[in-house]
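*Asks:* Just dropping this structure here.
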Amino acid sequence: MHTRRRYTLAAAGLALGLWAVPAGAASHREAPLMTLDPGADITDVYAFVSYDADNVARPLAERRVTLIMNAVPGQEPGSGPNYFAFDDNVLYVLHVDNNRDGVAEDVSYEFEFNTQVENPDQFLATLGGGPLPPIDTLDAAGLSRKQRYTVTEVRNCRKGGRKCDRTVLFGGKALLTVPSNIGPRTMPQYEALAAQGIYTDPDTNIRVFAGQRAETFAIDLGAVFDTLNLRRPLPAQSAAEDADDTKNPFGFNNFSGFNVNTIALEVPITRLTKDGKAPTAETGTIGMYASTSRQKETVRRGAPAINPKKPPRELLRGEKRFVQVSRMANPLVNELIIPIGNKDLWNATEPEDEGLLLRFYQNLQVADALQAVSGVPVPPKPRDDIVHLLTQYADQKVSDPPFAELLRLDTTVDPTPVDKIRRLGPFAHDADGKATPDMAGFPNGRRPNDDVTDLVVRVAGGKNYIENFVGDGVGIQEKGITPAFPFLPTPYDGRDRKHLDPGE
Amino acid sequence: MTLFSIPTSRPGRALAATLVLAGLLPARARSAGPSPADRAIAAAEQKLAGNRPDAYVELATAFMRKSRESADPSYYARAAAALDRALALDSDDYDALRTRAWVLLGQHDFRAALAAAERARGLRPEDWWNYGTLADACVELGDYERAEVAAQRMLDLRPGLPAYTRAAFLRTVFGDRPGAIELLARAARAGSPRDPESLAWTLVYLGHEYFATGKLAAAAAAYTRALAVLPDHYLALGSLARVRAAEGRLDEAAALYRQAVARVPSPDLVSALGDVHAAAGQADEAEHEYALVDYMGQVAEATGTTYGRQLALFYADHDRRLPDALRLAEQEATMRGDIYTDDALAWALYKNGRPAPAARAAHRALRLGTEDALLEYHAGLIAAAAHHPRRAARHLRRALGLNPYFDLRQAPIARARLAALDAPARIVLGGKE
């Protein structure tokens, strides 16, 4: 019968030598070993004196500062039915150092999320438009899955951080996050919908927003991470091209058309200064970073963690209930300075322990790579300029601790009105190459549209690279600068999203 | 193109090709476009020209991703060769050393994997990775206490998908399935569509936890989510097929198993397809699939195999080649000490008419208090054979109570044996009335 015939053929197959080495499939009991953890993955951090017209007009004592962290990177808007939410098991924190000791625990803001599925039978998490009522409010019935969050202000920590004053802002209420931009049928008035997600706390004048936004970080990722294989040889561009903030001279933006999740917090400066007064030359500079932490967990439920003796590393201080899994202050530090094998360690440590890692800053391997591929010399090592820029306050001597990798913002510097913002900030120049600095941009804090790739490449490369306007040829995000809180643009919608390709 | 000599033959493919040629498997159109692992391999191969260890480690990692995606074990050999190359360039390359433990786990050389993981941990005790490979090796070797310590360390260092999934597995074997579900759900939240294999794997194991407690709808939902993340994922297809079979939707189950087999011709999938045919009363078709498993077993044996346990269970379950079942199970037991190997050994001993050593092995399989219907079922039949009818009934009742659908072929046997065991008791009770 047919089975035997097949065996004959199979035997022929064997005879032909097709039965090479081990057979078939391996059983995969082994759990995965990769951890992308998008919910805890901080992509960008911004800190700046708010540059909306109202704030520009305010006197210094009444001005406000905006702190932003982005997570859940690389969201393809059209990848429904996914809803890009924050992770309920992750604690998101913005940390501020206001007394220059490098320990950014003077004031911090904690964000905790909680998701409820209100209608488990609804086949899509989000339904609206057409014959159905469109989703025009954050508590619309069509939004079956709602994510709420609380904002807790933590200050006056003592006893090594074990005792702090904790206040749940917004009257202790849980606020609604702004859902992903599904498309024009479901959410015909998305911007109005998103605006409902901006909350103001009457007690403190703090504003907050948590939800989806468009990615403003523009970089030719493909070129930069192909060992700085920029799309034009050096000198890459003229002063006039570099000075033009209306178009990208070459290169293309890999993040074009992608969204992120944003937590934006606007705080009156006087809540952040150490004396609670208007910032001065002495008190006006703050350092900040953002962190994500995951809840501690034990293998056996209800059992104490096994290893009571010593925390895994002396470096790890961590809160009691949480393990820090990611942190960020200055852009590209994790990507360009910390070696691959040390990234997890770095992410788990506190910024004020950066003194233990200074060799990576001093060696600045990315500068070697720049020199190797371009032939243009970079400054000699050790790179004390990099150590100073990223881990110290401006008036610190490079030999003196503390070293803390924080994003530093001098709040006494006036915000630059939107129409005068320059993507190169303090390094901005005119078409003839003459300096026309915009002092309110990176590395004085960081605004969403600052061209940190070009700035970092130039700072790393030093004088030769600054004078030759070296960059990746991309600095402009097609949605432009958003003039009001939360200072990041409306996300691309799922139906009509578009990624710009080279040449477009 | 690779720039160095690593094995380029693809034995898994070769087997599939043989089977296709033999008409035993449907030829299947290749899925369109490169997978994330394919892209990772291509990216890594581009960097080999620099002849740096890190490029070879990256390539090895990409091969490991590919092996997980495709279940093609030839990629383990390629990963191992890439690591050899990295270590030839720098014998102390830490990333190569830590990755080696992972590759050895894939090759089922658990003792060597344990040694490699320990060595890497000695070099970097703060790296969570090493506790993952350590936990995996200890689990396979049956050292659950040490596995727990390693998994806890991993949770302390880097809570996230890799640590949650390992801790969840330990919760399962320690008898806490609700706790495992809690962690697997959290792990799935920490997964990313940009790493679809890890996320799909996690969802499949979440589904397994639901299935193990008889929650078919929840299991199917998890498997369906896995398929949305990684379409055609063979583990998810096979698992969803098992749910459909349990629901009595045998045609759908057969179609899903065929899809899975076309993707990855593994003995347990082919055997399960045979069981579906048998349940549908299609004895010839069932026999056809079982004969195919036999044949795969022969090929595997001739070539050195990584799934002795699967074959031992297949032979024992289907009362075929019972001496081979025992030999394979005993061979597995020399390499592994985990409860599932004890269980396979117990089952093979029982089927070979040796209830006393079978009972000892079954006892070892249940030593951790694992709530697993199959383990209870095996223990039940073994107890009956050892003339412990009350103990046998208790095990069988527990098996069916945990999951009445635990196995398409064995669950009806469990019910029948339990009824037979209970019958005299009822008569006795009746007599008292």
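*Asks:* Let me check something: with ligands and nucleic acids excluded, how do A:106, A:165, A:87 order by accessible area (1.4 Å probe), largest to smallest?
*Replies:* Output order, biggest surface exposure first: A:165, A:106, A:87.
*Asks:* Here's a follow-up. Let me make sure I get this right: for segment B:58-119, a, b and c are the square roots of the gyration tensor eigenvalues over alpha carbons, sorted descending. Under 1.5 in a/c it's rounded, otherwise prolate if a/b > b/c, else oblate. Which is it?
*Replies:* Oblate is the answer for segment B:58-119, as a/c is 1.5 or above yet b/c matches or exceeds a/b.
*Asks:* Further question: Using alpha carbon centroids, what distance separates segment B:350-369 and segment B:35-81, in Å?
*Replies:* Here the two parts' Cα centres lie 41 Å apart.
*Asks:* Let me ask something additional. Cross-link list A:247/A:420; A:173/A:277; A:173/A:479; A:159/A:343; A:274/A:343: which exceed 24 angstrom alpha carbon to alpha carbon?
*Replies:* From A:247/A:420; A:173/A:277; A:173/A:479; A:159/A:343; A:274/A:343, over 24 Å: A:173/A:277; A:173/A:479; A:159/A:343; A:274/A:343.
*Asks:* While we're looking at this one, here's another question. With charges set only on the Cβ (+1 for Lys and Arg, -1 for Asp and Glu), what does the dipole of the protein assembly as shown come to about its Cα centre, in debye to the nearest 20?
*Replies:* The calculated dipole for the protein assembly as shown is roughly 3220 debye.
*Asks:* Rank B:217, A:289, A:336 by how far each Cα sits towards the positive end of the charge dipole of the protein assembly as shown (+1 on Lys, Arg Cβ; -1 on Asp, Glu Cβ) and give me just the farthest.
*Replies:* B:217
*Asks:* What is the dipole size for segment B:116-173, taken about its Cα centre, with +1 at each Lys and Arg Cβ and -1 at each Asp and Glu Cβ, in debye to the nearest 20?
*Replies:* 140
*Asks:* With θ taken as phi - 60° and the coefficients 6.51, -1.76 and 1.60, list the Karplus ³J(HN,Hα) couplings across segment B:115-130 in order, rounded to whole Hz; mark glycine and proline as x.
*Replies:* With the stated coefficients, segment B:115-130 comes to 5, 5, 5, 5, 5, 5, 5, x, 6, 9, x, 8, 8, 4, 3, 5 Hz.
*Asks:* Using C-alpha positions alone, give me the convex hull volume of segment B:285-433 per residue in cubic angstrom.
*Replies:* It is 115 Å³ per residue.
*Asks:* Projecting each Cα onto the charge dipole of chain B (Lys/Arg +1, Asp/Glu -1 at the beta carbon, about the Cα centre), which of B:169, B:261, B:48 comes out farthest on the positive side?
*Replies:* B:169
*Asks:* Return the Cα extents of segment B:117-159 along principal axes one, two and three, sorted largest first, each rounded to a whole Å.
*Replies:* 25, 22, 11
*Asks:* Just check chain A against the gyration tensor rule for me: Cα atoms, a ≥ b ≥ c as the square roots of the eigenvalues, rounded for a/c under 1.5, and otherwise prolate or oblate depending on whether a/b exceeds b/c. List each step's numbers first, then the result.
*Replies:* Values: a/c = 1.37, a/b = 1.21, b/c = 1.14.
Rounded shape, in that the Cα axes give a/c under 1.5.
*Asks:* Still on this structure, please answer the following. Calculate one ³J(HN,Hα) per residue across segment B:229-246 by plugging θ = phi - 60° into the Karplus curve 6.51 cos²θ - 1.76 cosθ + 1.60, and present them in order as whole Hz with x for glycine and proline.
*Replies:* 6, 9, x, 6, 4, 5, 5, 5, 4, x, 6, 5, 4, 4, 5, 4, 4, 4
*Asks:* Only four residue types carry charge here, +1 at the Cβ of Lys and Arg and -1 at the Cβ of Asp and Glu. Report the dipole size of segment B:126-207 about the Cα centre in Debye, rounded to the nearest 20.
*Replies:* Approximately 320 debye in magnitude.
*Asks:* Still on this model: Give me the distance between the Cα centres of segment A:228-254 and segment A:34-111, rounded to whole Å.
*Replies:* 29
*Asks:* Roughly to the nearest percent, how much of the accessible area of segment A:383-438 is carbon and sulfur, given a 1.4 Å probe?
*Replies:* Carbon plus sulfur share of accessible area: 57 percent.
*Asks:* List the aspartates and glutamates whose Cα sits under 12 Å from the Cα of residue A:498, skipping any in the same chain fewer than 8 residues away.
*Replies:* Of all the aspartates and glutamates, those that pass the test against residue A:498 - Cα under 12 Å, at least 8 places apart if same chain - are A:76, A:478.
*Asks:* With every protein chain present, what accessible area does residue B:215 have (1.4 Å probe, heavy atoms only), rounded to the nearest 10 Å²?
*Replies:* Accessible surface of residue B:215 is approximately 110 Å².
*Asks:* Taking chain B as a Gaussian network, where each spring joins two C-alpha atoms under 10 Å apart, which residue of B:374, B:421, B:408 fluctuates the most?
*Replies:* Most flexible of the set in this elastic network: B:421.
*Asks:* Additional query: Residue B:326: net charge of surrounding residues, Cβ under 13 Å, Lys/Arg +1, Asp/Glu -1, itself excluded?
*Replies:* Charge balance near residue B:326 sits at +2.
*Asks:* Give the angle, between 0 and 90 degrees and rounded to the nearest 10, that separates the Cα long axis of helix B:267-279 from the longest principal axis of the Cα atoms of chain B.
*Replies:* On a 0 to 90 degree scale, this one is about 30.
*Asks:* Just B:132, B:33, B:106 to compare: in a GNM of chain B, with alpha carbon springs under 10 Å, which one fluctuates most?
*Replies:* B:33
*Asks:* Quick one: helix B:373-385 against the long Cα principal axis of chain B, what's the angle to the nearest 10°, folded into 0 to 90?
*Replies:* 50
*Asks:* So, one more: Which whole number gives the average count of other chain Cβ atoms within 10 Å of the Cβ atoms across peptide B:126-136?
*Replies:* What the average comes to for B:126-136 is 3.
*Asks:* Among A:412, A:453, A:278, whose Cα sits farthest toward the positive end of the charge dipole of chain A (+1 at Cβ of Lys/Arg, -1 at Cβ of Asp/Glu, about the Cα centre)?
*Replies:* The listed residue farthest towards the positive side: A:453.
*Asks:* Using a 4.7 Å cut-off between beta carbons, which cysteines in the protein assembly as shown end up with no partner cysteine at all?
*Replies:* So far as the 4.7 Å Cβ criterion goes, B:138 stand without a partner in the protein assembly as shown.
*Asks:* Output ³J(HN,Hα) for segment B:393-405: one whole-Hz value per residue in order, computed from phi by the Karplus curve 6.51 cos²θ - 1.76 cosθ + 1.60 with θ = phi - 60°, and x for Gly and Pro.
*Replies:* My calculation for segment B:393-405 gives 4, 4, 4, 5, 4, 5, 4, 6, x, 5, 7, x, 9 Hz in order.
*Asks:* With a/c under 1.5 counting as rounded, go ahead and sort segment B:241-288 into rounded, prolate or oblate using the C-alpha gyration tensor (a ≥ b ≥ c being the square roots of the eigenvalues; past the cut-off, prolate if a/b is larger than b/c, else oblate).
*Replies:* Oblate shape, in that a/c is at least 1.5 and b/c is the bigger or equal ratio.
*Asks:* Would you grab the residues whose amide H sits under 5 Å from the one on residue B:407? Only those 5+ places off in sequence or on another chain, please, with H modelled 1.01 Å from N.
*Replies:* For residue B:407, whose amide H was placed from the backbone, there are no distant partners under 5 Å.
*Asks:* Please compute the average number of Cβ atoms from other chains found within 10 Å of each residue's Cβ in peptide B:295-302.
*Replies:* Numbers: counts 5, 3, 2, 4, 8, 4, 1, 3.
Average per residue, whole number: 4.
*Asks:* May I pose another question? Sorting check: for B:176-185, B:267-276, which peptide has the highest mean count of neighbouring beta carbons within 10 Å, and how do the rest follow?
*Replies:* Highest-to-lowest ranking by the protection proxy: B:267-276, B:176-185.
*Asks:* Counting partner chain Cβ atoms within 10 Å of every residue's Cβ in B:283-292, what's the average?
*Replies:* The per-residue average across the peptide is 2.
*Asks:* Could you bin all the Cα-Cα distances of the protein assembly as shown into 20 Å bins starting at 0 and give me the percent of pairs in each, rounded to whole numbers?
*Replies:* Percent of Cα pairs in each bin: 13, 42, 32, 12, 1, 0.
*Asks:* Using the Cα atoms of segment B:48-163 to build a convex hull, what is its mean projected area in square nanometres?
*Replies:* For segment B:48-163, averaging the hull's shadow over all directions gives 7.0 nm².
The values are calculated or read from the model by the stated rules, or taken from the named source; none is laboratory data. None of the values given here were measured: they were computed from a predicted structure. Because the Cβ atoms are built from the backbone with ideal geometry, glycine has one as well, and the counts that use them run over all protein chains shown. In case anyone asks, the SASA skips ligands and DNA or RNA and just uses the protein heavy atoms, side chains included. Shrake-Rupley method; radii C 1.70, N 1.55, O 1.52, S 1.80 Å.
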